Amino acid sequence: MIDHRPFFEYMAVHNLTIAETAKRAGVDPATFSNLLYGPRQPHIRTVHQVCTRLGIDPASVFIFRFDHAP
C-alpha cells in the first residue's frame with residue numbers, strides 16, 4: 001500500500017499541479033494521477049523513481065501489512 005500524503009504535501013509546499021509534479025518526477029501526468037488516486041496500485045519501481053526525483057524518502061510512502069493466517 002502507498003501513503004499518498006508525502007506527495008500531496010510536496011505539491012502543496014511547492015504550489016504545483018499534478019502535471020507539474022509529474023514533469024519533475026519524470027512520469028506522465030496520468031501515471032502520477034494514478035499513483036495519487038488509484039484504482040490500481042502503482043509499480044514499486046515507479047513509486048521509487050517518483051520519490052527519488054522529488055526528494056521524498058521512499059520509506060515514508062510504503063505501508064507494509066503483515067496479515068497472519070488463523
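Laid out as a table, the results:
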| read-out | value |
| --- | --- |
| Dipole magnitude of the range 5-60 about its Cα centre (Cβ charges: Lys, Arg +1; Asp, Glu -1), debye to nearest 20 | 120 debye |
| Amide H partners (placed H, <5 Å) of ILE2, local residues excluded | ILE63 |
| Where Rh is the Kirkwood radius over Cα pairs, Rg/Rh for the chain | 1.02 |
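None of the figures in this text is laboratory data; all of them are computed from the coordinates on show. Because the structure is a prediction, the values reported are computed rather than measured. No Cβ is skipped: glycine too gets one built from the backbone with ideal geometry, and neighbour counts run over all protein chains shown.
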